[in-house]
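Q: Got a structure for you, questions after.
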Amino acid sequence: MISGLYQGQDGDSRLALRVDVDGARPTGRVSGDLFAVAGATTSYVGSFVVSAPEVREGRIQGRGEFTFATPMPDVSVAISGQAGTAAVAGRTYQVSFVSPYFRSVLLEQDSVVGAVPFVSYRTGSLPGPTGSPARELTVASAYAEAGIELTLAEPGVIPVEGSGVDLAWDDAELHHAMTRHFSTFADAAAWRVWLLVASKHVGGYRGIMFDYNDAHQRQGSAVFYDAIKGDTPQAQRAQLRTYVHELGHAFNLLHSWQKNLATPPQPLGPDGGFGDLSWMNYVQNYRPGGEQGYWAAFPFQFTDAELVHLRHGFYRDIAMGANAFGTGAADIAPFEQPVEDHSGLRLELRAKDAYELGEPVIVELKLSYAGEPRTTHGHLHPDTEFTQVSITQPSGRTVLYRPMMRHCVDTSPEIRLDEGNPAMYRSAYIGHGRDGHYFQLPGEYQVRAQYIAADGSRIVSPACPVWVRFPVTHDDHQVAELMLGEDQGKLFSLLGSDSPFLRSGNEALDEVVDRYGHHPLAVYARLVKGLNAEREFKELTPGDRLRIRPPDLKQGIEHLTAVARDASIDNITLNLAMRRLARAEARQGDLARANAVMDKMVATFEAKGVNPIVMGQIRRQAELTKSALSAEAS
């Protein structure tokens, strides 16, 4: 056997060579990364892969695909024992065997006190596919079977300062934890990744891959103990899958049904990707058979295509902190209506008649049934990635909206759409994401959405025009500049944050409120400032302690009261703001005012002429909120 990682050097050029032609699950490929050595520094030059080499008695030859132009694309490797030569791009390297693993990554794992990290699972503990050997699998050994070495740093436990606090994390707190933690790292590509084991997420998710719109992405993930805890074999199995799945995103692996959105696009597996027996699929969406069918057939491994990516993906496409996740800001084709559609579902996008330049672009998604009642899942918001949104800009370029964070939803609650519940609605802020601001120029945009239903059907909305007006007055220009900064976009995505890394964004929003409080866009600055003030904020300190900032109820009430009086924001956002205002009033000790806010919410939507079915839902929501706040107060 000759497969494994080899290294060699020719003068100022160093080669990391991966030979993968025998051994466990060989992909029949040879690949490598080239680096330039200058004094005490080493810089990345490029990568190559030979996808169909000729292999004969330790000699491997074939035409390589390179990330750079070379007049000599043929690659030749000769291995004898644990050494050999490699001719690549006109240079010859003397190479030596380094490791049976193709790549090695440092995994640093920290857990918040009370959240118990996963250790291992015995795959034979529960029924599985015939032919899949029973073995003790850790996260590291699961990746080792794929040819990737995970070296675990000393795990840390993060203590909590204070008691009686809510340990449910939101995206803003996780974003701050990541930026605080990674401040000890260089802003460069590196084979290292951070995993935070937290208690729970406010959205009930099992895991998140942190996914920012800067130049250094895919560096960390979080898993949420409360959603996957337990000592039963079923719980241990679920924990293993969640950990491997979230770290897979850090290696730039997309969900099984999204691989056609990669750059370059990859073909989807069976049933539009839902038939993949992979760590990267969702258990409950596997076809055929759902969760039961998945576990009955899953051999606890990556698919062949994923294996090729992990072992032979170009350096910058896989190293943490290098190329962006998935498609980047590359052009895509606008979503097209299916040639045939028997799904019985209809998707619509709704937007305001026009937006001011700098105004957060919030759209409403509506999923309804057409004809017979239908049952599907309720993940309509694009942050959960069962819904994608494409934006055709005034220049004609079409890009994919990509959220800052990728929420992995391992549960899919069923929603039945019928006469009593004809549609479900979600509002989504799509003005800013991983690629920055999407609506930076005045003009006409065309926005489309695609919803992937529970049965794998892809429901595409008609195009929704979004108009962004030219600023007219001096104040319009000034406010637009203050609203369109990168940090401001992140704050809108996160609904506010205490992070010092976003200080300039908070200062700009403060200026909008203080100097231009009369301007129509000031309501959005107040919304973000109010929502952030009303909640507690968790801060992971440089000393790896968890400090809790209590809610600033006075400031939260001041800002949210102003928002509740403004009729310009969309209904779903207004609903959120008024419920949070009621919570702030109750926590300040005035339950009567809290109940009055809920009564005002019902009256506001009645005056707007909301349809009777939705109005009934709002009334029930108001009463449930009153009951919950009363119980909390007692």
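The values are calculated or read from the model by the stated rules, or taken from the named source; none is laboratory data. Keep in mind it's a predicted model, so treat the numbers as computed, not measured. For neighbour counting, all protein chains shown are included, and Cβ atoms are generated from backbone atoms with ideal geometry for every residue, glycine included. SASA here: full protein model, heavy atoms, side chains in, ligands and nucleic acids out. Shrake-Rupley method; radii C 1.70, N 1.55, O 1.52, S 1.80 Å.
Q: Collect the residues in segment 613-634 that are of a type outside the set (V, I, T) and touching a strand residue (DSSP E or B) at 6+ places or on another chain (Cβ under 9 Å), keeping them in residue-number order. Lay out the reasoning, then the answer.
A: Taking segment 613-634 first, the residues of a type outside the set (V, I, T) are 615-617, 619-624, 626-634.
Scanning segment 613-634 gives no hits.
Q: Looking at segment 384-402 only, could you name the residues that are of a type in the set (G, A, S) and surrounded by fewer than 19 Cβ atoms within 10 Å (Cβ to Cβ)?
A: S395, G396
Q: Which residue pairs have Cβ atoms under 6 Å apart, sit 6 or more places apart or on different chains, and have a first residue in segment 293-308 that is farther than 17 Å from R29 by Cα and a second that is assigned to a helix (DSSP H, G or I)?
A: Y294/V283; F300/T123
Q: Within segment 58-147, which strands (runs of 3 or more DSSP E) (wholly inside it) include 1 or more residues that are of a type in the set (G, A, S) and more than 30 Å from L174 (Cβ to Cβ)?
A: On the way: elements: 59-63, 74-80, 83-88, 91-99, 103-112.
Once the strands (runs of 3 or more DSSP E) in segment 58-147 are filtered for at least 1 residues that are of a type in the set (G, A, S) and more than 30 Å from L174 (Cβ to Cβ), what remains is 59-63, 74-80, 83-88, 91-99.
Q: Next question. Which numbered condition in (1) out of contact with any Pro (no Cβ under 9 Å at 6 or more places or on another chain); (2) of a type in the set (A, V, I, L, M); (3) in a helix (DSSP H, G or I) is the only one that I613 fails?
A: Of everything listed in (1) out of contact with any Pro (no Cβ under 9 Å at 6 or more places or on another chain); (2) of a type in the set (A, V, I, L, M); (3) in a helix (DSSP H, G or I), I613 misses just condition (1).
Q: Need pairs with beta-carbon distance below 8 Å; first residue farther than 10 Å from H407 by Cβ and open to solvent by less than 40 Å² (accessible area, probe 1.4 Å) and within segment 188-210, second in a strand (DSSP E or B) and of a type in the set (D, E); sequence gap 6+ or separate chains.
A: Every condition considered, the pairs that remain are V193/E108; W194/E108; W194/D110; L195/E108; L195/D110; L196/D110; V197/D110.
Q: Only residues that are part of a loop (DSSP other than H, G, I, E, B), polar (S, T, N, Q) and touching a Ser or Thr at 6+ places or on another chain (Cβ under 6 Å): list them for segment 263-321, please.
A: In the first step, residues of segment 263-321 are kept if they are part of a loop (DSSP other than H, G, I, E, B); the result is 263-269, 274-282, 286-289, 298-303, 313-314, 319, 321.
Filter again for polar (S, T, N, Q), leaving 263, 266, 278, 281, 301, 303.
Those that are part of a loop (DSSP other than H, G, I, E, B), polar (S, T, N, Q) and touching a Ser or Thr at 6+ places or on another chain (Cβ under 6 Å): T263, S278, N281, T303.
Q: Report whether or not Q258 is polar (S, T, N, Q), in a helix (DSSP H, G or I), on the phi < 0 side of the Ramachandran plot and surrounded by fewer than 23 Cβ atoms within 10 Å (Cβ to Cβ).
A: Details: polar (S, T, N, Q): yes; in a helix (DSSP H, G or I): yes; on the phi < 0 side of the Ramachandran plot: yes; surrounded by fewer than 23 Cβ atoms within 10 Å (Cβ to Cβ): yes.
Taking the combined requirement at face value, the residue satisfies it.
Q: Still on this structure, please answer the following. Filter segment 161-170 down to the residues that are modelled with pLDDT of 80 or more and either more than 13 Å from R535 (Cβ to Cβ) or open to solvent by 30 Å² or more (accessible area, probe 1.4 Å) (or both) and list them by number. Give the steps one after another, and end with the answer.
A: Residues of segment 161-170 modelled with pLDDT of 80 or more: 167-170.
Scanning segment 161-170 gives a single hit, L167.
Q: More than 16 Å from H309 (Cα to Cα) and open to solvent by 70 Å² or more (accessible area, probe 1.4 Å) - does that describe any residue in segment 11-22?
A: yes
Q: So which helices (runs of 4 or more DSSP H) stay within segment 502-564 end to end and still have 1 or more residues that are of a type in the set (F, W, Y), surrounded by 21 or more Cβ atoms within 10 Å (Cβ to Cβ) and in contact (Cβ under 8 Å) with a residue 12 or more places away in the chain?
A: Values: elements: 503-515, 522-534, 553-564.
Ranges flagged: 522-534.
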